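K.L.:
Have a look at the structure that comes next, please.
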Amino acid sequence: MYKIVKSECLADKIYLMDVEAPRIARACQPGEFVIVKMDEAGERIPLTICDYDREKGLITIVFQIVGASTERMAGLKAGDSFADFVGPLGQPSEFVKDDLEEVKKRRYLFVAGGVGSAPVYPQVKWLKERGIDVDVVEGAKTKDMLILEEEMRSVAGNLYITTDDGSYVRKGMVTDVVKDLVENQGKKYDVCVAIGPMIMMKFVCRLTKELGIPTIVSMNPIMVDGTGMCGACRVSVGGEVKFACVDGPEFDGHLVDFDQAMKRQQMYKTEEGRAILRLRE
Ligand code: NAD
Ligand code: FES
């Protein structure tokens with residue numbers, strides 16, 4: 001059993017939990033994910049790791065209520081346990097695998113949208129710990145929906161916040177800020193990492209393609225069981241078929257077929273779609 005030591009509601013329907021999982025905490029890297037199961041019969045829920053404490057043996061996860069399983073999960077309190085907590089799974093972020101001296105030469109721009117701020121945080125923290133300051137654009141629908149602001153501020157070189165309704169800092173989408181930074185403020189970037197809702201990643205990629213900034217995205221939202229078995233996370237990357245849970249979750253965003261991926265995501269959001277997947281297992 002994997003004990004929950006902290007459970008906190010960050011915003012409407014968004015929860016953070018610290019879970020005792022020492023083996024995963026010792027081994028995990030930014031970009032990787034875990035699969036959580038509440039009980040033996042429960043649904044497998046793949047979640048990107050938001051933070052880890054190697055000494056205390058803790059993993060931090062952040063999730064949004066999107067259906068019956070995550071609703072039940074939100075009801076768990078400190079002291080409760082998960083039956084299963086498997087990981088680390090997937091591939092670490094590219095910069096973790098690259099030569100650190102090369103990484104230090106690059107100017108990074110991170111774009112975090114909504115709940116996507118959770119997987120962005122450990123990446124920015126990893127770079128900060130190695131003396132690399134990066135720019136972060138964080139977007140949320142409203143001030144109340146903005147999560148991990150202080151955590152992000154503590155690790156980002158510069159943090160640019162925007163809200164869709166203008167209730168905090170500035171009004172607009174993350175793409176408006178990226179455009180402003182590059183076109184009006186003369187900022188130059190070698191790599192952009194965009195993590196958030198699919199539609200956000202699609203439009204960030206459209207913009208960064210125009211601006212000539214190579215862009216990495218996380219296809220975590222299309223995962224269903226996260227085991228490489230169900231086939232739900234198939235994604236076309238530069239015309240090649242990839243599985244987000246095995247080959248990713250991060251891919252070259254300029255090569256991802258977002259329209260196809262969003263169609264698949266819609267299909268598996270329904271009970272019927274998920275039942276089809278269960279039959280295939
Ligand atoms: P949201 O709808 O509040 O959007 C967050 C921000 O994305 C907005 O504030 C806006 O700045 C930007 N955005 C949205 N639509 C845009 C568009 N058309 N053009 C440009 N920018 C746009 O986000 P949310 O409700 O927190 O999102 C939940 C989604 O995030 C879920 O679908 C979940 O699957 C996904 N998610 C993705 C990852 C990942 O790894 N990619 C991780 C966690 C959650
Ligand atoms: Fe099922 Fe990847 S999520 S195969």
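The values are calculated or read from the model by the stated rules, or taken from the named source; none is laboratory data. On a predicted model such as this, the values are computed, not experimentally measured, just so you know. Glycine gets a Cβ as well: all are built from the backbone with ideal geometry, and neighbour counts include every protein chain shown.
K.L.:
What number of residues within the stretch 48-64 are touching a Gly at 6+ places or on another chain (Cβ under 9 Å) and not β-branched (V, I, T)?
P.N.:
Residues that pass the stated criteria total 1.
K.L.:
Of everything in the stretch 236-256 that's within 12 Å of ligand 1 (Cβ to nearest atom) and assigned to a strand (DSSP E or B), which residue is nearest to K37 (Cα to Cα)?
P.N.:
E250
K.L.:
Follow-up question, since we're still on this one. Which one of these is buried (at least 16 other Cβ atoms within 10 Å of the Cβ), under 20 Å from the mean Cα position of the chain (by Cα) and within 16 Å of ligand 2 (Cβ to nearest atom): M173, M223, M201?
P.N.:
M223
K.L.:
Another question about this same structure. Hey, can you tell me all the residues within the stretch 150-170 that are surrounded by fewer than 18 Cβ atoms within 10 Å (Cβ to Cβ) and assigned to a strand (DSSP E or B)?
P.N.:
N158
K.L.:
To continue, here is another question. Scan (1) more than 14 Å from ligand 2 (Cβ to nearest atom); (2) in contact with a Ser or Thr (Cβ under 8 Å, 6 or more places away or on another chain) for the single condition D190 breaks and write down its number.
P.N.:
(2)
K.L.:
Going residue by residue through the stretch 177-187, is there one that turns out to be touching a Leu at 6+ places or on another chain (Cβ under 9 Å) and within 11 Å of ligand 1 (Cβ to nearest atom)?
P.N.:
Within the stretch 177-187 (the criterion being touching a Leu at 6+ places or on another chain (Cβ under 9 Å) and within 11 Å of ligand 1 (Cβ to nearest atom)), the answer is yes, since at least one residue qualifies.
K.L.:
Also: In contact with a Leu (Cβ under 8 Å, 6 or more places away or on another chain), in a strand (DSSP E or B) and farther than 27 Å from A194 by Cα: does that describe I4?
P.N.:
Answer is yes for this residue.
K.L.:
Give the number of residues within the stretch 164-176 that are under 19 Å from L207 (Cα atoms) and of a type outside the set (G, A, S).
P.N.:
6
K.L.:
Cβ-Cβ distance below 7 Å, separation of 6 or more or different chains: which pairs start in the stretch 12-30 with a residue that is at pLDDT 95 or above and end on one that is part of a helix (DSSP H, G or I) and among the small types (G, A, S)?
P.N.:
Y15/A74
K.L.:
Of all residues being exposed (fewer than 15 other Cβ atoms within 10 Å of the Cβ) and not in a strand (DSSP E or B) in the stretch 33-66, which is nearest to ligand 1 (Cβ to nearest atom)? Just the residue, please.
P.N.:
V66
K.L.:
A follow-up question, please. Taking the options A118, A27, name whichever one is under 26 Å from C230 (Cβ atoms) and surrounded by fewer than 23 Cβ atoms within 10 Å (Cβ to Cβ).
P.N.:
A27
K.L.:
Being surrounded by 18 or more Cβ atoms within 10 Å (Cβ to Cβ) and either at pLDDT 95 or above or under 19 Å from E43 (Cα atoms) (or both) is the filter here; which residues of the stretch 250-263 pass it?
P.N.:
E250, F251, G253, V256, F258
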